1. Sorted by packing (mean other beta-carbon atoms within 10 Å per residue), highest first, where do 165-175, 141-151 land?
2. Students often get this wrong, so check it: of K3/K160; K121/K179; K33/K160; K65/K92; K92/K164; K33/K55, which have C-alpha atoms separated by over 27 Å?
3. Counting only helical runs of four or more DSSP H residues, what would the 222 nm mean residue ellipticity of the chain come to if each run contributes -39,500 (n - 2.57) and the total is spread over all its residues?
4. R0 = 22 Å: FRET efficiency of E119 with K65, Cβ-based, nearest 0.05?
5. Would you mind computing, in nm to one decimal, how far apart the modelled labels at A94 and S131 are, each placed 7 Å from Cα along Cα→Cβ?
6. Could you work out the equivalent-ellipsoid semi-axes for region 84-180, taking the square root of 5 times each eigenvalue of the Cα gyration tensor, largest first, in whole Å?
7. Measure nothing but the geometry: give the 0 to 90° angle between the long axis through the Cα atoms of 2-58 and the longest principal axis through the Cα atoms of the chain, rounded to 10°.
Amino acid sequence: MKKGIIILIVLGVIAFGLYQWAVGFNNTAADAKTAWSNVESSYQRRNDLIGNLVKTVQGAADFEKETLEGVIQARAEATKTTIDAGNLTPEKMAAFQEAQSGLTGALSKLMVVVERYPELKANQNFLELQSQLEGTENRINVARDRFNEAVNVYDIHTTKFPGKLLAGMFGFEEMARYKADAGSDQAPDVDFDFN
């Protein structure tokens, strides 16, 4: 009788340990998905700020219409390209990054063109929005780094034994990381010739 109780206790402890391990395994996936949500939130903040920035810049009567339209179009593309946190495939990540890169490029062009407008550069609303955008770009970078760290932990759990067994049973797949834009390893070519 005592042996039976001891065996049941040992089996119960093993079952509880396996349950805790599975819960911890699942939590790493949830952490990576939460980290992705934080990346999206940072990009949403940037998109919201850009809308306000465009409105402020539109107040400059002779501002280049083409530049503003480029920013507006790039913002629209970036906001319609979203990814479900549960389905972070490399292809979807590449499409998201491409849309965000387009917006970053359009925004950079806008900031270069702004240099030609001293009254706009002196506008307090514009200066505040520009400062907030700079801070948001830093937030985006931090959020992307944290996402990649969370994905790294998740991928270690899904590719190493014994987690690989659990990943296979429950359909956990490797997640795509956020990668640098193509050409970001090259210094940008800055041209201040406004003629």
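The numbers here are math on the coordinates, done by the rules we state, and not lab data. Note that the structure is predicted; figures quoted are calculated from it, not measured. Neighbour counts are summed over all protein chains in view; Cβ atoms, including those assigned to glycine, are modelled from backbone coordinates with ideal geometry.
1. Numbers: 165-175: 14.1, 141-151: 18.0.
For the peptides 165-175, 141-151, the packing ranking is 141-151, 165-175.
2. Numbers: K3/K160 36 Å; K121/K179 33 Å; K33/K160 20 Å; K65/K92 32 Å; K92/K164 24 Å; K33/K55 34 Å.
Correct reply: K3/K160; K121/K179; K65/K92; K33/K55.
3. On the way: 6 runs with 146 residues, N = 195.
Result for the chain: -26500 deg cm²/dmol, rounded to the nearest 500.
4. Numbers: r = 17 Å, r/R0 = 0.79.
According to the calculation, E is roughly 0.80.
5. Simple spin-label model gives 4.1 nm for this pair.
6. Values: eigenvalues 333, 35, 14 Å².
Taking √(5λ) for each Cα gyration eigenvalue gives 41, 13, 8 Å.
7. Helix 2-58 and the main axis of the chain meet at about 10 degrees.
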